[in-house]
Every structure is written in structure tokens, then in C-alpha cells.
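What follows is calculated from the coordinates using simple rules that are stated; it is not laboratory data. In this text, all values refer to a predicted model and were calculated from it rather than measured experimentally. Counting neighbours? That spans all protein chains shown, and the Cβs are built from the backbone with ideal geometry, glycine included.
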Amino acid sequence: MALLPILCFPDPKLHTVARPVIAVDARIKSLIADMLETMYDAKGIGLAATQVDAHERLIVIDISEEHDEPLVIINPEVVWTSAETHLNEEGCLSVPGVYDGVTRFDAIKINAMDGEGKTRLIEADGLLAVCIQHEMDHLTGKVFVEYLSPMKRDRIKKKMLKALREDAR
Ligand code: NI
């Protein structure tokens, strides 16, 4: 297992559209293990492959208190969304230190493969539903700050670039 570097907004690679995972083979299983390790190390509750510069439709999530309930989502397809939506405060490992409101469906159902390649229906609401929608956006090249006003997004971009420059010193 290995910790993977996480791409930071506004890295253009975050806008790559991921391709479907063809087979849940040894390579993908090793990527899943590395992504879980990277997510736990960064104290995140979700990580999309896009964020570690691997552009395949793969997500890991763990919203449990004890960080012992990893959920692996491969090639997710939304099959149902609730009529109700909610504004939730979100953050992202690719935009450290930034939290802002994004409107998401309260509940969703998705079809996806698990870490063993088995297809299953996942019914999610609450935090899990928000998290899945946030991570699925990453797979289409979308970062949550793109829902914010252009002015806010610009301010975040400048803040991130400044932090990068300071890190490089
Ligand atoms: Ni994110």
C-alpha cells in the first residue's frame, strides 16, 4: 500500500473525465487499497480516483465514526434521485480549508460495482447521499467550488495558488 499525492484545485487534471473501470483486477484492487489509505491519512470521508490522478470511475467512501466501514463504488450510475434537495456545507481534500454550501438531492439510488466486481444497488440518504454526489462529480471533472459564484471561485483559486507558492518555498 502507498499514500498517493492528492491533486489540488485549480490543477487542470481535476477536470479530466474518468473512463469506466474495465475489470476489477489486481491493479484496480491495489489502487483501491492505496486510495483508502490515502483517504484515511488525509482524514477525508470520500476520495475519487480523479483526485489521485487516476482517471477511472472509482470512488472510496467511509462516513463511519470509527473509520472501519469502507465503501467502494465502481462505475456508478444514478438510477433515482429524490424530489427534495438541500443545501449542505461541503469540503474537499482537493480544496483544503474551504467549506461552502452546495445543493444536492436528499436521497439517491445508484447502481455500481463493489470492490469485488459485484454489481449492487446502493440506496443512500443524508451524508452518504451528499458524499456520493460530490465524489461522482469528481469523476466527471467537476470540483464542488464550481457550484459557487464566479467571484467566490476566483477568491478560492487565488487562495489555493498562494498556498501552493508558499509550500514551494
Ligand atoms: Ni472532493
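Over the Cα atoms of region 45-125, what is the Rg over Rh ratio if Rh follows Kirkwood? Present the calculation step by step, with values, prior to reporting the outcome.
Values: Rg = 13.6 Å, Rh = 14.0 Å.
Ratio of gyration radius to Kirkwood radius: 0.97.
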TODO: For region 1-95, run through the trypsin sites (Lys or Arg not before Pro) and keep only the ones in DSSP coil with at most 10 other Cβ atoms within 10 Å of their Cβ.
DONE: K43
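Multiply the residue gap between W80 and A26 by 0.36 nm, knock off their C-alpha separation, and tell me the result in nm, one decimal place.
Working: separation 54, 0.36 × 54 = 19.44 nm, distance 3.13 nm.
Result: 16.3 nm gained on full extension.
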Open item on the list: If neighbour count is taken as other Cβ atoms inside 10 Å, put C8, C131 in order from fewest to most.
Closed with: C8, C131
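Which three semi-axes in whole Å describe the equivalent ellipsoid of the chain, each the square root of 5 times a Cα gyration tensor eigenvalue, listed largest first?
Working: eigenvalues 121, 83, 40 Å².
After diagonalising the Cα gyration tensor, the semi-axes are 25, 20, 14 Å.
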- [ ] Starting from region 71-169, pick out the GluC sites (Glu not before Pro) whose DSSP state is loop and whose Cβ has at most 11 other Cβ atoms within 10 Å.
- [x] E84, E116
TODO: Please give the residues of region 80-101, grouped as numeric ranges, whose backbone N is less than 19 Å from a label point set 7 Å along the Cα-to-Cβ vector of A163.
DONE: 89-101
